[in-house]
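Chemist: Here's a structure for you.
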Amino acid sequence: TFEGVEVVADQKVKVAFFNMGGVRLELLEPTDPTSTVAGFIEKRGEGLHHVAYTVDDLQGRLDALKAGGVK
C-alpha cells in the first residue's frame with residue numbers, strides 16, 4: 001500500500017513510503033546531484049543500499065550476531 005511521499009530537504013532526497021504486509025519499504029530519489037544518495041548511485045549504480053530490522057533487544061541481537069561471526 002502506498003503511504004505517501006516526503007521530501008527531506010536537508011538530505012536532498014525524496015522518499016516514497018510503502019507498507020507491504022507489515023514490511024515497510026522506502027524508495028529514495030535524489031533531488032540534487034550533490035546529495036549523498038546521488039553520489040552513491042553514481043558510484044555504484046541503482047539498487048539496494050541497506051536493509052534494516054526492528055528488534056526488541058538491540059544489544060542482545062548485536063552480541064548474538066558478533067558471536068556468530070557477523071562483522
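Each reported figure results from applying straightforward, stated rules to the coordinates on display, with no laboratory input. Because the structure is a prediction, the values reported are computed rather than measured. Here the Cβ is made from the backbone with ideal geometry for all residues, glycine too, and neighbour counts use every protein chain on show.
Chemist: In percent, how large is the relative contact order of the chain, given Cα pairs closer than 8 Å and 6 or more residues apart?
Modeler: Result for the chain is 18 percent.
Chemist: List the extent of the Cα atoms of the chain along each of their three principal axes, largest first, rounded to whole Å.
Modeler: Computed over the chain, the largest-to-smallest principal extents equal 41, 31, 21 Å.
Chemist: Each label point is 7 Å from the Cα along the Cα-to-Cβ direction; what then is the distance between the points at residue 66 and residue 12, in nm?
Modeler: The answer from the label model is 3.5 nm.
Chemist: Which order, highest average first, do 26-36, 51-61 follow once you tally other Cβ atoms within 10 Å for each residue and take the mean per peptide?
Modeler: Packing order, densest peptide first, comes out as 26-36, 51-61.
Chemist: Another question, then. Under a straight-distance cross-link criterion of Cα-Cα below 29 Å, which lysines are reachable from residue 71, leaving out those fewer than 8 residues away in the same chain?
Modeler: Filter leaves 43.
Chemist: Using amide H atoms built in the peptide plane, which far-off residues or other-chain residues are under 5 Å from residue 31 H to H?
Modeler: The list, which skips near neighbours in sequence, is 13, 14.
Chemist: Label points 7 Å out from Cα along the Cβ direction at residue 44 and residue 31: separation in nm?
Modeler: About 2.3 nm, to one decimal.
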